[in-house]
Amino acid sequence: MRLPLLACLLSLPLAAADDAVWLQTKGALVFHDAFEREETGNRAKDIGNGWNSATADRVPQIKQADLDAGIMKIASATKEAGHAAHIHHEAGFADGGVIVRFKFPGLNKAEGLQLGFVDRELKGVHAGHMCYAIMSPTSLVLKDSMTGEMNLALRKQRADAAAAKQKLPAEVEALLKKKSLSTPFKTDTDWHVLTLVTEGDELRFSLDGKPVAKHRSEGYAHDPKRWFSFLVGSTVWIDDVKIYKVR
Ligand SMILES: [Ca+2]
């Protein structure tokens with residue numbers, strides 16, 4: 001029997017082609033923000049709509065998230081706060097992801113954006129950092145932090161080695177190396193739409209509908225991805241955020 005064309009198309013492995021389609025057809029939209037409002041101040045919850053900031057209250061005299069003309073303009077007070085701006089929202093999925101429209105405004109050198117998932121209830125992992133995509137002017141890094149550099153046992157091993165001015169054992173170096181993947185990447189100052197998803201033990205990143213990188217590591221499978229997080233070291237503009245839960 002010949003399948004109608006539409007059925008053939010639907011049976012294609014959509015995830016490989018375009019993860020935005022995978023999220024929209026297989027997932028439920030659990031959160032959307034287009035930032036069409038003004039923030040109410042500089043404090044942790046003043047962005048509104050359920051956003052929270054782990055770093056705003058360290059420097060309440062500085063505005064790190066400015067809602068302007070439907071855009072969340074993030075300018076991190078990294079030096080004053082002693083940390084990159086960390087802005088997060090509840091997510092809550094095992095498989096799923098985010099679609100984010102963003103732009104580097106070109107206000108600072110080395111503008112970049114780190115985004116990913118955090119579970120503060122995770123034991124044995126520094127601050128619950130699970131996994132991230134990290135865009136910088138020259139590379140895109142996908143990283144399993146949970147079973148890599150944020151794992152407390154590994155952190156202690158590294159700190160002890162550093163204190164003793166010793167090299168890490170080769171097997172630990174090799175293990176840490178496996179926990180991230182760096183891909184050549186070039187940022188610009190145009191608007192783009194990124195898609196970041198986890199499916200099983202895989203993390204995938206696409207830009208403007210085209211797959212850029214994917215990486216498999218056991219930490220990506222952790223359930224739940226409790227928070228979706230932006231970590232911003234300098235400046236970035238966010239126009240729209242959608243969070244989808246597939247499973
Ligand atoms: Ca907007």
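FYI, it's all coordinate maths here, none of it is from the lab. None of the values given here were measured: they were computed from a predicted structure. Note that each Cβ is placed from the backbone with ideal geometry, even for glycine, and that neighbours are counted across all protein chains shown.
In debye, nearest 20: dipole of the chain around its Cα centre with unit charges on the Cβ of K, R (+) and D, E (-)?
My answer is approximately 660 debye.
Could you go through the stretch 116-131 in sequence order and give the Karplus-derived ³J(HN,Hα) for each residue, using 6.51 cos²θ - 1.76 cosθ + 1.60 with θ = phi - 60°, rounded to whole Hz, and x for Gly and Pro?
Whole-Hz 3J(HN,Hα) from phi for the stretch 116-131: x, 10, 9, 10, 5, 8, 5, 8, x, 9, 4, 6, x, 5, 9, 7.
Express in whole angstrom the spacing between the alpha-carbon centres of the stretch 183-207 and the stretch 40-65.
26
On alpha-carbon atoms, Rg over Rh for the stretch 156-247 using Kirkwood Rh?
1.04
Loop-only check: which trypsin sites (Lys or Arg not before Pro) in the stretch 158-200 are DSSP coil with at most 16 other Cβ within 10 angstrom?
Counting only loop positions with at most 16 other Cβ atoms within 10 Å, the trypsin sites (Lys or Arg not before Pro) in the stretch 158-200 are 165, 167, 186.
Tell me which of 243, 97, 154 sits at the most positive position along the dipole axis of the chain, charges placed on C-beta atoms (Lys, Arg +1; Asp, Glu -1).
154
Kirkwood Rh over Cα pairs of the chain into Stokes-Einstein at 20 °C, 1.002 mPa s: D in µm²/s?
113
Binned at 5 Å from 0, what are the whole-percent values of the Cα-Cα distance distribution for the stretch 64-116, short to long?
4, 13, 23, 27, 16, 11, 5, 0
Please give the calculated 222 nm ellipticity per residue for the chain, where each DSSP H segment of at least 4 residues contributes -39500 (n - 2.57) and the sum is spread over every residue; nearest 500 deg cm²/dmol?
Calculated at 222 nm, the ellipticity per residue is -4500 deg cm²/dmol.
Return a whole-number percent for the relative contact order of the chain, with Cα pairs under 8 Å and 6 or more residues apart as the contact set.
Result for the chain is 31 percent.
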